[in-house]
Amino acid sequence: MNTVTPRIFVAATEQNDGKTTTCLGLFAALQKRLGRIGYIKPVGQRFVSVDGVKIDEDSVLIEQTYKVHTPLEAMSPIAIEPDFTRKYIEQSNRDNLVRRIQNSFDRAAWEKDFVIIEGSGHAGVGSVFDLSNATVARHLSSKVILVTRGGIGRPVDEIALNKALFEKEGVEVLGAIVNKVIPAKFDVVREFAGRGLARLGVELLGCIPEDPVLAKPTLGQICKTIKGKFLHGGERSRRQVKNVVIGAMSTARVTDFFTPGTLIISPGDREDILLAALAATNQSSPDGHGLAGLILSGDTLPDAALLEMVKASQLPVISSALDSYTVASNIHSMTVKTLPGDREKIDKIQALIESEVQIDRLLEKIGVTRG
């Protein structure tokens, strides 16, 4: 296996702490400094089908954003299907899986100046099939940076736990990045989390403030989360949702919440709210970009005449079988992922990593010299 090309393994203390966000930003920052950057996610748990091959969705995001020029199957060698773990326990094939990961790394590193390796959660994820993040990092001869969520006590505690498992595998943790820090607490978190981590022998390489742009879902993501379908305006599925309001009040009251970017949830038989939403859309702007959209809950639809008015408008409308409360609850608890083509989010991520993470210090700790 290639042991020459510089690399870094990006792990996290928990799922959804910001590994992919970090990798997206690191890719651009390292590309600017070093040139040709490779990427691999050895073990993926969320995948899509690409030409009949199961590929981790984060690998697709990186490829479509940066045109890595590496076969997708090399960037995503192992996709954990629902019955993967059971089959492995019945008949383990560890050596074959390790060989596949190492061969894929060689392809990902081919003619590259640096490789980013994205993990699949905390240090122990994958232990059930003998491929924990700590084990994979060891097999790929990589040092690690840990991404954790904003705060002081909890991040330091979580990093201490993860660091112990990486060190048990003989893998060095170079530093940590604290993500999603509340802006009002940013300076305090950076100082005291840095001091707390230093006591563990872990350098704080950066703090990234929480940004509202990155936390807002699109209509398409919401539609998928609530198992809905677009009745109209599906071509606007990338429209970002800034606020969510349940139309369970009088028409006069609900219109007070008709602000740009607001998504209205209403039963399909509340024709008064539908008419008010249509009126607000027609008065907002030529492209109807006032309200983000409308969700018709409870599997109920307006009468045919009103449905035709909806389809003639600029207002995206989604139908869901779930009741209004469940729709709102699912939206509130959903995980917002960056998708290919989310240019505003990707630009924001790149700017945040460049400004808030000590990229040059990271390269220095890895032993990479810039030519």
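Only the coordinates and a few stated rules stand behind these numbers; no lab work does. All values derive from a computational prediction rather than experimental measurement. Every residue, glycine among them, receives a Cβ derived from its backbone with ideal geometry; neighbour counts consider all protein chains shown.
A cut-off of 5 Å between modelled amide H atoms, ignoring neighbours fewer than 5 places along the same chain, links residue 208 with 178, 179, 180, 181. Estimated at 0.36 nm per residue, the fully extended path between residue 49 and residue 279 surpasses their Cα-Cα distance by 78.7 nm.
A crude spin-label estimate for the pair residue 366 and residue 213, with each label 7 Å from Cα along the Cβ direction, gives 2.5 nm.
For the stretch 79-129, GluC sites (Glu not before Pro) are listed when DSSP marks them as loop and at most 15 other Cβ atoms sit within 10 Å of their Cβ; the list is 111. Considering only the Cα atoms of the stretch 219-333, their convex hull presents on average a projected area of 6.0 nm².
Beta-bridge orientation, the stretch 219-333: approximately 20 percent antiparallel, per DSSP, counting only bridges with both partners inside. With respect to the chain, whose longest principal axis is taken over its alpha-carbon atoms, helix 57-66 is tilted by about 90°. Using C-alpha pairs under 8 Å with a sequence gap of at least 6, the mean separation divided by the residue count of the chain gives a relative contact order of 18 percent. Our coupling estimate for the stretch 89-101, obtained by passing each phi through the Karplus curve with A = 6.51, B = -1.76, C = 1.60 and θ = phi - 60°, is 5, 5, 8, 5, 9, 4, 4, 5, 5, 4, 4, 5, 5 Hz, Gly and Pro reported as x.
Note on the stretch 1-133: percent of Cα-Cα distances in each 5 Å bin, starting at 0 and stopping at the bin with the largest distance, equals 2, 11, 21, 25, 21, 13, 5, 2, 0, 0. Listing 50, 202 from fewest to most neighbouring C-beta atoms within 10 Å gives 50, 202. Principal axis extents of the C-alpha atoms in the stretch 136-217 (largest first, rounded to whole Å): 38, 32, 17. Working from label points 7 Å from Cα in the Cα-to-Cβ sense, the residue 358 to residue 256 distance is 5.0 nm.
With the simple model of a label 7 Å out from the Cα in the direction of the Cβ, residue 90 to residue 344 spans 4.8 nm.
For the chain, the percent of C-alpha pairs falling in each 10 Å distance bin, counted from 0 to the bin holding the largest distance, reads 5, 22, 27, 22, 15, 8, 1.
Of the residues 340, 255, 121, the one whose Cα sits farthest towards the positive end of the charge dipole of the chain is 121 (charges of +1 on Lys and Arg Cβ, -1 on Asp and Glu Cβ, taken about the Cα centre). Looking at the stretch 184-255, the trypsin sites (Lys or Arg not before Pro) that sit in a DSSP loop and have at most 16 other Cβ atoms within 10 Å of their own Cβ are 199, 227, 238, 242.
Rounded to the nearest 500 deg cm²/dmol, what is the calculated helix-only ellipticity per residue at 222 nm for the chain, with -39500 (n - 2.57) per DSSP H run of length n ≥ 4? That comes out to -12500 deg cm²/dmol.
Fully extending the segment from residue 326 to residue 271 would add 17.7 nm, taking 0.36 nm per residue of separation and subtracting the current Cα-Cα distance. Potential lengthening of the chain between residue 81 and residue 248 amounts to 56.1 nm, from the contour at 0.36 nm per residue minus the alpha-carbon distance.
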